[in-house]
There are 2 protein chains.
Amino acid sequence: MAALDAAGEFETIRTLLAPLAHPDYARDLLDDVAVLPSRAGFDLVLTKDAIVEGVHFLPDDPLDQVAQKLLRVNLSDLAAKGAEPFGYLLACHWSPRCGWPEREAFAAGLKADQDAFGVALLGGDTVATPGPASFSVTMLGWVPKGQAVARSGAKAGHAVYVTGTIGDGWLGLQAARGRLSLEPERVAALAEHYRRPVPRVDFGTAIRGLPTAAVDVSDGLVADLAHVAGASGVGIALDLEATPLSAAAHAWLDARTDPQAALETLVTGGDDYEIALSVHPLDEARLKKEADRLHLRLTRIGEVVAGKGVSVRYLGQPVTLGRTGWTHD
Amino acid sequence: MAALDAAGEFETIRTLLAPLAHPDYARDLLDDVAVLPSRAGFDLVLTKDAIVEGVHFLPDDPLDQVAQKLLRVNLSDLAAKGAEPFGYLLACHWSPRCGWPEREAFAAGLKADQDAFGVALLGGDTVATPGPASFSVTMLGWVPKGQAVARSGAKAGHAVYVTGTIGDGWLGLQAARGRLSLEPERVAALAEHYRRPVPRVDFGTAIRGLPTAAVDVSDGLVADLAHVAGASGVGIALDLEATPLSAAAHAWLDARTDPQAALETLVTGGDDYEIALSVHPLDEARLKKEADRLHLRLTRIGEVVAGKGVSVRYLGQPVTLGRTGWTHD
């Protein structure tokens, strides 16, 4: 760690971040680097996501939750690959609003999720910015050699599943912004999902070897499945009515005059951090068994077909999504 | 790569960044992750540095040079460890001023330094920010197992050396800001050093096994040596008059009324990206031979002593540095 942060870079590192350091590889954050021994028989999986105040989190979001979201969006990328997370590098671009109490809260959020997900801080940088705060994480995980799940293995005839529920990310953003008229406990549950999504790390490692392709749902279910379709050279047919919804999302949907349009909003909304995957029909039973074992909802939402792109159906009828770029064939 | 960048995230990745991707491990940037096979007999060295517009680079700095500085400050960290760089993950926090031509320039700068230093893009994220632009890189390199140079091996009696020249980073910042009255070619040379420092990668790998401790000079020679002293549990005695200066720095120094104060400014200024190191007296000859072979200036600037912290002498007399935190014993 080395850079300019007049508001207390060294104090931040020594007091707040050093206690989070990996015991073996982070050199107590006293060095500029982390040194990681190779692990025979394993591949290293790396991902890097950044979040910006006012874009990916709200200016009044508590910084402990921002820290947790930062780790979780990166853990979600590893989960989709079947990788076991173990550590991360962190860049904090502190804005003037990030005083000592805010930094303490940020570190407390990191600590909570380090404990929850079994990761530790390996190194990084802390700098000051006059602009909005932003943060980035490079998350590292291990996967047995050659077993990282690709996006390119989906084939016509494979089934398409998604974990958890879809739409709570988008609804949660509306809830956090105070733009949702639902009962307070539903609003709170949705905002919580937006601020602290739950990456499917355990499921991702448990089903290793089963998915033919997988992706975490960050840009939106349709957009992320389109990445899979493109990388695999296939089409994906999605049944809108099969979209798994939370109780809060159901309550919201029930109050819409156009349920189809409402569902379209949810499947293109993003920030869900579920895993969408394709699986060979012969492996569906094993996949469901693992989900059951982890008490995780798992829903068949469509299938892989010949062609290209994502085609959406609603009650059997083809649908053209309003959002640019996503149309049925 | 996945995030919100309305100004063209996917186009930026596809057109500008995908051509920079590592041919084996980056999955053409079509995936959220990079997958890296373990390398038997080697340790992976990781470092992460961030730079912010208005803090680490100037708002009118050309973005190709900003990209190069970003890679070089990270390469400098690897150089001090004796690591051989091979790839990096990148987070771009684009501000509104980063239109397409600016992004093209940024990518061109990355390309130039990928070729110069033998690294390739492994993955990352590109997001939009309303604030000043900022960027971070996680740089990866290999070092033979157990041979990463530590900061903690300096012992009393070891000699202290530094590569290149000291002070051009600080003078270069003044030059880039138009605050330096020297001949135009000197101003240009100093500004160039500030914008595109030269990381000592070749020297770092060539001398592997020789330094007992090493650090790259980013915070300032005295501050960085203080890190070494602290980690090693020793003191370091520095001879101010031995500080290696460029011709431009000499010209600047000659115009000062108080040369001692001027030297103090240069040794606390930072942004030099040279390697400062300690070495056992028996290894000094081999160290110098490697520097000669690479036509790299290498200067003995002091020695490791019992005690703690960095003590500074000028013409044999103890000096108390004006900057808080750095005083003689």
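Throughout, read-outs are computed from the coordinates displayed, never taken from laboratory work. All figures in this text were calculated on a predicted structure; none of them were measured in a lab. Heads up, the Cβs are rebuilt from the backbone with ideal geometry, glycines too, and the neighbour counts pull from every protein chain shown.
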Copy-to-copy spacing for A:D254, label 7 Å out on the Cα-to-C-beta vector, in nm, shortest first? 8.6
For the range B:246-289, count the residues as N, evaluate 2.2 N^0.38 Å, and divide the Cα radius of gyration by that value, please. 1.57
Report, in debye and to the nearest 20, how large the dipole of the range B:9-144 comes out about its Cα centre when Lys and Arg carry +1 and Asp and Glu carry -1 on their Cβ. 220 debye
7 Å along Cα→Cβ for the label point: how many nanometres lie between A:E241 and each equivalent label in the other copies, listed shortest first? 9.1
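Under a point-charge model restricted to the Cβ atoms of Lys and Arg (+1) and Asp and Glu (-1), what is the dipole moment magnitude of the protein assembly as shown relative to its Cα centre, in debye to the nearest 20?
Using Cβ point charges on Lys, Arg, Asp and Glu, the protein assembly as shown gives about 1040 debye.
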Name the chain B residue nearest the rotation axis between B and A, going by Cβ position, and give the distance in whole Å. B:G131, 1
Just want the answer: with Cβ charges of +1 for Lys and Arg and -1 for Asp and Glu, which residue in B:L180, B:G82, B:W170 is farthest toward the dipole's positive end in the protein assembly as shown? B:G82
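Quote the Stokes-Einstein diffusion coefficient, in whole µm² s⁻¹, for chain A, based on the Kirkwood radius over alpha carbon pairs, a temperature of 4 °C and a viscosity of 1.567 mPa s.
Details: Rh = 20.6 Å.
In µm²/s, the coefficient rounds to 63.
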Between B:H227, B:A242, B:A189, whose Cα lies farthest towards the positive end of the dipole of the range B:159-319 when Lys and Arg beta carbons carry +1 and Asp and Glu beta carbons carry -1, centred on the Cα centre? B:H227
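Give the average, rounded to an integer, of partner chain Cβ atoms located within 10 angstrom of each Cβ in A:35-45. All intermediate terms of the calculation are to be shown ahead of the outcome.
On the way: counts 13, 8, 6, 11, 2, 2, 1, 3, 6, 10, 6.
Other-chain Cβ atoms within 10 Å of each residue's Cβ, averaged: 6.
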Using θ = phi - 60° and Karplus 6.51 cos²θ - 1.76 cosθ + 1.60, couplings along the range B:168-182 (whole Hz; Gly, Pro as x): 5, x, 5, 4, x, 5, 4, 5, 5, 8, x, 9, 10, 9, 9
Computed label-point distance, nm, for sites A:F10 and A:A112 using a 7 Å Cα→Cβ extension: 3.2 nm
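Work out the length of the dipole vector of the range A:72-151 about its Cα centre, built from +1 on the beta-carbon of each Lys and Arg and -1 on the beta-carbon of each Asp and Glu, and round it to the nearest 20 debye.
Working: 7 positive and 7 negative charges, 47 e Å.
So the magnitude is around 220 debye.
Inverting the mean 1/r over all pairs of different Cα atoms, compute the Kirkwood radius of the range A:9-144 and quote it in Å.
Values: mean 1/r = 0.0666 Å⁻¹.
Radius from the Kirkwood sum: 15.0 Å.
Under 8 Å for C-alpha pairs, at least 6 residues apart: give me the relative contact order for the range B:159-319, rounded to a whole percent. Kindly include the intermediate steps, with their values, before the conclusion.
Details: 307 pairs, mean separation 68.6, N = 161.
After rounding, I find 43 percent.
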Within 10 Å of each Cβ in peptide A:81-90, how many partner chain Cβ atoms are there on average? Round it to a whole number, please. 2
Which is farthest toward the positive dipole end of the protein assembly as shown among A:L36, B:A21, B:H295, measuring Cα position about the Cα centre, with Cβ charges +1 (Lys, Arg) and -1 (Asp, Glu)? A:L36
Take every residue in peptide A:113-125, count the Cβ atoms of other chains within 10 Å of its Cβ, and give the average of those counts. 2
Listed residues B:G87, B:G233, B:G178; largest mean-square fluctuation, Gaussian network over chain B with Cα springs below 10 Å, found at B:G178
Tell me which residues come under 5 Å, amide H to amide H, from B:G131 once H is placed; ignore anything under 5 positions away on its chain. none
Put the label 7 Å from Cα along Cα→Cβ for A:Q317; what are its distances to the other copies, in nanometres, shortest first? 9.3
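Kindly provide the Kirkwood hydrodynamic radius of the protein assembly as shown in Å, to one decimal, from all pairs of distinct alpha carbon atoms. Could the numbers behind the result be given before it?
On the way: mean 1/r = 0.0386 Å⁻¹.
Across the protein assembly as shown, the inverse of the average 1/r is 25.9 Å.
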How big is the range A:91-186 in terms of Cα radius of gyration and Dmax, in angstroms? 19.3, 55
Just order A:128-139, B:56-67 by mean Cβ neighbour count inside 10 Å, highest at the front, would you? A:128-139, B:56-67
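Stretch B:D202-B:R256 to full length: gain in nm at 0.36 nm per residue minus the Cα-Cα span?
On the way: separation 54, 0.36 × 54 = 19.44 nm, distance 3.50 nm.
That works out to 15.9 nm of additional length.
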In sequence order, calculated HN-Hα J values of the range A:192-206 (Karplus, 6.51, -1.76, 1.60; Hz; x Gly/Pro): 4, 5, 5, 7, 9, x, 10, x, 8, 5, 4, 5, x, 6, 5
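Can you work out D for the range B:201-297 in µm² s⁻¹ from Stokes-Einstein, where Rh is the Kirkwood radius over C-alpha pairs, the temperature is 10 °C and the viscosity is 1.306 mPa s?
On the way: Rh = 14.7 Å.
Rounded, D is 108 µm²/s.
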